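The values are calculated or read from the model by the stated rules, or taken from the named source; none is laboratory data. What you are looking at is a predicted structure, and each value in this text was computed from that prediction instead of being measured. Cβ placement follows ideal geometry from the backbone for every residue including glycine, while neighbour counts extend to all protein chains displayed. The protein model used for the area step is the full one, side chains on, heavy atoms only, and it has no ligands, DNA or RNA in it. Shrake-Rupley method; radii C 1.70, N 1.55, O 1.52, S 1.80 Å.
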Amino acid sequence: MNLTWHIVKKDLRALKWPLLLWIALIIAKLGVGVVLLNADGTEGLDWFNKMSGLAQVLSAFEFVSFVLTAAIIQQDLLVGTTAFWMTRPISGARLLRAKLIGIGLVFIVAPVLVTLPWWLGCHYGISEIGWAVTETVAAQAIAVLLGLLWSVVTDGFARFLMWTLVTLFATPMLTAIIAYYASRHLGSFQPELVSTRFLLVLLLSIGGIFVVVVHQFLTRNIGRSIAIIAGTVGLIVLTGAFWPWSWNVESRFYSYLIRQAQGEWPAGAEPPGLAFKLQSAEFSGRKDRPASLIASYQVEGLTAMQGLMPVQSEYTLRWPDGTSATGRSWGRSGLADMMSAHALSGGNDSGKAAALAGSVNFTSAMPAPTMAKVRSSASSYTLPARFRLMRFESVTRVPLEPGTWSVHDSQGERLAHAEKEGPQLLVTFIRHMPSLWVDNAGGGQLAGTGDYSQYFLVNRTRGAVDRGTSTDYRLTRIASVGISWRTMSFLAIPRPPKGSVLDAINALNEAELVKVTFAEQARFSHELKLGPEEIAQANP
C-alpha cells in the first residue's frame, strides 16, 4: 500500500500547479456567486448577465479535468515498453489502483470540499447537500471518463486530444444522421424511445470505457483495446439509431419522483369537514395529439384564513378491458387571489377571501397514444391528489430600503433595491434556492417548503391592491444553487388613463408594500375520481 500512495503523491507533485489552477477556477466561480448574492440591486441586468456569463465560462473550464485526467494517467504510459514503472515491481492492477485514487482525490473529493462552504452558506440541509454532492460527482465523472478512454491507449497528449475530439464529435453526429434517415423510413419521432436510446448509449459508453481501461492496465494489449473501443462505438451508433423498444424511461423517472414525495403526505390525514365537488371536466388538445384533462373542483369546509396548495401527483386511467395508464398531474388553487384579499384587508377575515378559498383544478397531461384510447373507449380516472393546507399567518409592512436576508429552510430572499419611478414602484429582489437536477427534472421541489409568501402594493384608501408585474428577470445556476434577480413593477391604482399620471403618483405615495405569508398547517391526500361517463362527456 505504501507503494500505491507513493505513486499517488508522485503524480500530484508533478501536476500540482495545473491542479491548483483548476481548483482556483472552482473557487472563482463560487466567488461570482457570493458577489451576485451581495449585489445592491442598482448594478442592472447587463451586469448580472455578465457575471452570470462569467460563472458559466468558469464552470465550462472545470471540464478541462478530462485533460488533467489524461495527464495523471500518462505520467506512467501504458503504451510501449520503455515506461519507467515497468522496470519496477509494480503490477498493472497496482498502478490502476493508484491512478484511480489520485483521480478520485482531485476530481471527486476536492470539488466537494471546496464547494461545501458555499452550500452551507446558502443554508442547504443534509438532503440538499447529499443531492448536490451526487450531481457534482456525476458531472466530474463524465469528464474523468472522457479523459480515461484514449489516455490509456495513446503515448502522448497530442494523440490523446485528437482522438478524444474525433470520438466526441464524430460519434454523436454519425448517430444523429443515421437516426434521422432511419426515422424517415421506419417510423415517427417518439420522445420516450429517444430517452431509452440515450440511456442505453450512456450505459454502453460507461461499460466500454471501464472495460478498455481495466483491460489496458492489466494486459497492455493496445490492439485488443482499440478493437474494444471500435466495437463499443459501433454498438453506440447502432443503438442510438435503431434500438426499437421503449422502456418508458421518462415516465418511470417521473413516477419514481412522485412516489418518493408521497412519503411526505401521511395517509388518512385529511382535515375533517372538507368536501370536493366537481365543477367541470374537459380535455384540451386536438385529435391524435397529446392533450390534457382539466378537472375543476369547489372545496367546501375551508375557512377564510385557509387555502389549499396542490402538489404534483400521479393519475391512473383504467379501461373496462383491464388495461391502465398513468401520468403526471399538477394543480392550481385560489391561494394567490386569497393573498390579495388578505393584503387589502390587513389580514382580517373577508368575504372575498372566503369565496376564493375553495377553488382548485388539476391538469393531467396525456400522451397521444393514451388520448387515442380515451377517445375510442371511455375509462375511469383516479387521482390521489396531494395538498398542503395553508393558513394565513401575517401581513407585514416592508420598508422600501435594502433589507437583510429572509431565510426559510434552504431558500432565501432579500429586497436589494426600491425606487419610485413616476406612477410605479420598482422593487428588485435577489433570491437563492436549490437548483438540483432531480428537482428540475421532477418539476420543482415536490415536497415543498413550510411557508409561502408574496409581496403586494396596497392602497387601502382607494381599495386597490397590486401583486406586481415582473419587468426584469434573470436566473443563473452556480454549483447547484439557483440565484435569481427579479425587478417587480407595482402600481397603487390600475394603470391610469392618459392625463391622470399625477393622480397615480399621489396614489403611489399613499400606498405601502406588504408581504403576505401563509404557513403550512397540514398535509393530506384526497382521492379524486371521474367515472367513464364523465370522461366521455369531457371528450371534445
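The gain in end-to-end length when the Glu270 to Ala368 segment is fully stretched comes to 31.8 nm, 0.36 nm per residue minus the alpha carbon separation. For the residue pairs Lys10/Lys50; Lys29/Lys99; Lys9/Lys29, the C-alpha atoms sit more than 31 angstrom apart in Lys10/Lys50.
Compared with the alpha-carbon gap, the fully stretched path from Gln454 to His6 is longer by 155.4 nm at 0.36 nm per residue.
Classify the chain as rounded, prolate or oblate from the Cα gyration tensor: take a ≥ b ≥ c as the square roots of its eigenvalues, call it rounded if a/c is under 1.5, otherwise prolate when a/b beats b/c and oblate if not. Oblate, because a/c is 1.5 or more while a/b does not exceed b/c. Peptide packing: for 61-72, 104-115, the average count of neighbouring Cβ atoms within 10 Å per residue gives the ranking 61-72, 104-115, highest mean first.
The modelled label-to-label distance between Trp330 and Ser246, using points 7 Å beyond Cα along the C-beta direction, is 2.1 nm. Shape class of segment 89-184 from the alpha-carbon gyration tensor: oblate, with a/c at 1.5 or above and b/c at least as large as a/b. As a fraction of the 1.4 Å probe accessible area of segment 1-99, surface on carbon and sulfur atoms comes out at 67 percent. For segment 522-529, the Karplus equation 6.51 cos²θ - 1.76 cosθ + 1.60, evaluated at θ = phi - 60°, returns couplings of 6, 10, 8, 10, 9, 7, 9, 10 Hz by residue, with Gly and Pro reported as x. Picking from Ile206, Gln74, Tyr455, whose Cα lies most toward the positive end of the charge dipole for the chain (charges on Cβ: Lys, Arg +1; Asp, Glu -1)? Final value for the positive-end residue is Gln74.
How large is the helix-only mean residue ellipticity at 222 nm for the chain, computed as the sum of -39500 (n - 2.57) over DSSP H runs with n ≥ 4, divided by its residue count, in deg cm²/dmol to the nearest 500? Helices in the chain give a 222 nm mean residue ellipticity of -15500 deg cm²/dmol.
If R0 is taken as 41 Å, the Cβ-Cβ distance between Tyr256 and Ala93 corresponds to a FRET efficiency of 0.65. The alpha carbon gyration tensor of segment 448-489 gives principal lengths a ≥ b ≥ c with a/c of 1.5 or higher and a/b no greater than b/c, which makes the shape oblate. Maximal additional length on extending the Glu534-His408 stretch stands at 41.1 nm, based on 0.36 nm per residue less the C-alpha distance. A crude spin-label estimate for the pair Ser296 and Tyr181, with each label 7 Å from Cα along the Cβ direction, gives 5.3 nm. Computed over protein heavy atoms with a 1.4 angstrom probe, the accessible surface ordering of Ser364, Ser195, Ser324, largest first, is Ser324, Ser195, Ser364.
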